[in-house]
Structure formats: C-alpha cells, structure tokens
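Enquirer: I have a structure here, written as structure tokens, and I will follow up with some questions on it.
The values are calculated or read from the model by the stated rules, or taken from the named source; none is laboratory data. If you're wondering where the values come from, they're calculated on a predicted model, not measured in any experiment. FYI the Cβ positions are ideal-geometry reconstructions off the backbone, even for glycines, and counts take in every protein chain you see. Note: accessible area is taken over every heavy atom of the protein model, side chains too, but ligands, DNA and RNA are not part of it. Shrake-Rupley method; radii C 1.70, N 1.55, O 1.52, S 1.80 Å.
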Amino acid sequence: MSAAPIELPRWADTALVPLVSVAAALAVSGLVVIGIGESPLEATALLLRGALGSAEGIGFTLYYTTNFIFTGLAVAVAFHAGLFNIGGEGQATIAGIFAALACLWLAPLPGLLLVPLAILAAAAGGALYGFIPGWLQATRGSHVVITTIMFNFLAATLTVYLLVEAIGKPGSMQPETPEFAAHAVLTPMHKLLAPLGITLPSTPLNSAFLLALAALVAVWALIFRSRLGYAIRTVGANPRAAAYAGISPARITMVAMAISGALAGGLAVNEVMGVQHRLLLDFTAGYGFVGIAVALMGRGHPVGVALAALLFGVLYQGGAELSFDKPSITRDMVVVIGGVIILFAGALDGLFRRAVAALLRPGRAA
C-alpha cells in the first residue's frame with residue numbers, strides 16, 4: 001500500500017525542496033572531503049572561485065550550463081507528458097550527425113543560410129530519433145525507457161561506422177570528420193561581444209548559449225501558455241481523462257518525444273558547431289544523463305531547469321579547477337559530489353518533501 005502524496009505549497013515544492021536536497025548533498029560531500037584530509041570550506045571556496053571568480057571561469061561555466069539547459073529541457077518536456085526519456089545522449093548523437101552532414105554538404109552556401117540550416121538539421125535529427133521511441137510506445141506498447149536506452153547504443157554504433165567508413169577525415173588516425181568551413185560554425189561569445197566594447201577571454205562559450213536562453217522561453221510558452229502544452233500536461237497527469245476530453249495520448253506521446261529529441265539536439269549544436277567544429281566520437285560526454293538530474297531538480301519548469309543547469313555548470317568547471325589546486329580531490333571526487341546531488345534530488349526526493357512538510361506544518365496550523 002503506497003503512502004498518500006505529500007501536498008506542499010508550489011513555492012516550497014519548486015524552490016525549498018530542491019534547496020534542501022542540494023544542501024544535504026553538499027553536507028554529505030563535505031564529509032567525504034573531510035575523510036580524505038581536506039577542508040570542505042576551503043574546497044568549496046576554491047570550487048566557487050574556479051567557476052565564478054573570473055571572466056574565463058564564468059565563460060566555461062556558462063558553456064557547460066548551455067549543454068545542461070538543452071538536455072534538461074529535453075527531459076522536462078517528456079516528464080510533462082508522463083514519459084521518462086533516457087535517450088538524450090542518442091538523440092544528441094544523431095543530431096550531431098545531421099548537423100555535421102549539413103555543414104559538410106552545404107558548405108558552398110553563405111553562412112547566413114548554412115548555420116540556420118545546420119541548426120534545423122540538428123533539431124530534425126534529434127526529433128526523428130526521439131519520435132521513433134514515442135511511436136513505438138504509442139503504437140506497439142514498447143516502453144520508452146527501454147527503447148531510448150537501447151537507441152543510445154545504436155546511435156553510438158552508427159557514429160563509429162560513419163566516421164570510420166563514410167564521412168571520416170581522410171588520413172586521420174582519429175574517427176572524426178574534416179573540420180567545418182569557417183562560416184559553418186557558431187560565433188564564440190568573446191567575438192560576438194567585442195563590437196559592443198565588451199572584452200572577454202577566449203572560452204568555449206558561443207552563441208549556442210543564446211539559443212539555450214531562447215529555448216527556455218520557448219519551452220515555458222509551449223508547456224504553460226499553449227493548447228499543445230495543456231494537452232501534454234493533461235496526458236502526463238491522467239491519460240484516461242485526456243482521452244475522455246478528446247486528446248489522443250498516442251499522438252501527444254509521439255509529439256512530446258519529438259520535441260524532447262529536438263531539444264536534445266541543442267547539445268550537438270553547442271558541441272559540434274560551437275566548440276569542436278567537426279563531428280567526434282563521444283562528444284555528448286554524459287551531458288544527456290546529467291540532464292535527467294537537471295530536470296528533476298528543476299521540477300520540469302524552465303526556470304528551475306536553468307538554475308539546476310547553472311549548478312551543474314558550476315560543479316563541472318569549479319571541479320576542474322579544484323582538482324588542479326587540490327590534487328587529492330580528483331575529478332572522480334567531483335563526479336561523486338554530482339552523483340550525491342543526483343541521488344538526493346531524485347531517489348531521496350520524498351524524504352526531503354516529508355521534512356519540508358513537517359517544517360511547514362506548525363506554520364499552517366497557526
């Protein structure tokens with residue numbers, strides 16, 4: 001027999017519970033740091049200084065944040081439809097293939113046409129690879145969790161084949177495509193802002209960050225201000241009631257998964273077109289899986305996704321700097337900290353919801 005759901009005010013559910021989860025995760029991580037003989041306060045200061053203490057650090061932090069915004073939004077849209085999309089890695093991989101093919105095959109076009117077409121190609125590739133698991137669940141009963149997991153491996157295998165046998169750089173010992181033409185890549189942020197008199201150091205941050213911000217607004221408008229978004233949320237809340245109201249759960253499942261895959265394609269745009277300027281193996285680097293934690297912590301809301309993405313961006317960049325300053329705290333330790341946050345924000349979410357409810361109950365009684 002399952003316990004009754006814990007009702008909380010919206011502000012507490014969207015802000016206070018994730019805050020308590022993060023604070024508890026950091027406290028546990030501090031114990032780990034103490035266990036290896038280092039000061040958790042010093043480690044935290046070094047981590048924050050590395051992530052936010054300089055223009056270069058902020059640039060790297062926002063670069064990581066861009067990836068997490070795209071993957072977090074991808075998972076969040078699926079969540080609203082009652083779906084658990086674990087295929088962000090595979091969808092971004094296929095999006096990277098589509099973007100690379102567009103950049104290579106359409107290279108004679110001017111940049112004003114080529115870049116938007118390549119971005120659209122990435123979105124189309126991700127949408128297609130998200131649509132297929134949605135179609136399989138809607139029409140064949142195949143569970144989207146299983147199919148998206150397996151599709152991740154299929155996408156990785158397809159990338160290896162293409163880079164080795166079809167579109168790889170001739171003579172290269174690495175599986176990669178030739179570098180894209182200069183007008184086929186996204187503008188680095190330090191070059192984009194230079195005409196405005198803003199001087200920034202060279203970092204991987206590029207105009208994909210602006211696309212990520214636009215995606216936050218677009219997803220908010222879609223989910224909370226459109227008929228399609230209402231249908232998505234209705235199906236996610238109660239498919240039977242949605243069907244009774246004339247909404248097709250099968251159609252919404254396919255549409256939501258396609259939108260989710262298109263958003264995951266933003267990861268490919270940032271990495272393939274914005275940073276690497278070619279297609280490489282494993283360019284997704286686990287960002288798709290972190291997007292699950294970002295969506296969970298952000299409660300599926302674009303504002304929460306943005307804040308959670310920034311948190312993980314700080315962890316990634318600050319953790320890299322911390323491992324340089326404190327060799328005893330390796331990158332693996334930073335991964336452990338991220339894992340603890342994911343554990344507390346996901347599996348132990350109910351525990352913190354009960355704690356917050358207990359704290360708020362005396363105030364309600366008053």
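Enquirer: Consider Gly261 carefully, then state whether it is at pLDDT 95 or above and of a type outside the set (Phe, Trp, Tyr).
Expert: yes
Enquirer: Do we have any residue at all in the range 298-318 that's more than 28 Å from Ala99 (Cβ to Cβ) and buried (at least 23 other Cβ atoms within 10 Å of the Cβ)?
Expert: yes
Enquirer: Condition first: farther than 16 Å from Leu280 by Cα, in contact with a strand residue (DSSP E or B) (Cβ under 9 Å, 6 or more places away or on another chain) and open to solvent by 40 Å² or more (accessible area, probe 1.4 Å). Now tell me which residues in the range 170-189 satisfy that.
Expert: Across the range 170-189, the qualifying residue is only Thr187.
Enquirer: Just checking, which of Leu154, Leu104 is touching a residue at least 12 places away in the same chain (Cβ under 8 Å) and open to solvent by 60 Å² or more (accessible area, probe 1.4 Å)?
Expert: Leu154
Enquirer: Right, next: Of the conditions (1) over 25 Å from the mean Cα position of the chain (by Cα); (2) not in a loop (DSSP other than H, G, I, E, B), Ala214 fails just one. Which one is it?
Expert: The number of the failed condition is (1).
Enquirer: Another question, if that's okay. Within the range 257-290, which residues are farther than 19 Å from Gly134 by Cα, assigned to a helix (DSSP H, G or I) and of a type outside the set (Phe, Trp, Tyr)?
Expert: Gly266, Leu267, Ala268, Val269, Asn270, Glu271, Val272, Met273, Gly274, Val275, Gln276, Val290
Enquirer: Still on this structure, I have one more. Give me a count of the residues in the range 232-257 that are under 27 Å from Val290 (Cα atoms) and surrounded by fewer than 24 Cβ atoms within 10 Å (Cβ to Cβ).
Expert: Going through the range 232-257 one residue at a time, the tally reaches 6.
Enquirer: Here is a follow-up. Please return the ranges of helices (runs of 4 or more DSSP H) entirely within the range 299-366 where 1 or more residues are closer than 28 Å to Val77 by Cβ and modelled with pLDDT under 85.
Expert: Per the criteria, 331-345, 349-365.
Enquirer: Can you go through Phe79, Phe98 and tell me which one is touching a residue at least 24 places away in the same chain (Cβ under 8 Å) and within 23 Å of Val305 (Cα to Cα)?
Expert: Unique residue meeting the criteria: Phe79.
Enquirer: Still on this structure, please answer the following. Before we move on, is Leu154 within 21 Å of the chain's Cα centre (by Cα), in a loop (DSSP other than H, G, I, E, B) and over 19 Å from Phe79 (Cα atoms)?
Expert: It is false that Leu154 is within 21 Å of the chain's Cα centre (by Cα), in a loop (DSSP other than H, G, I, E, B) and over 19 Å from Phe79 (Cα atoms).
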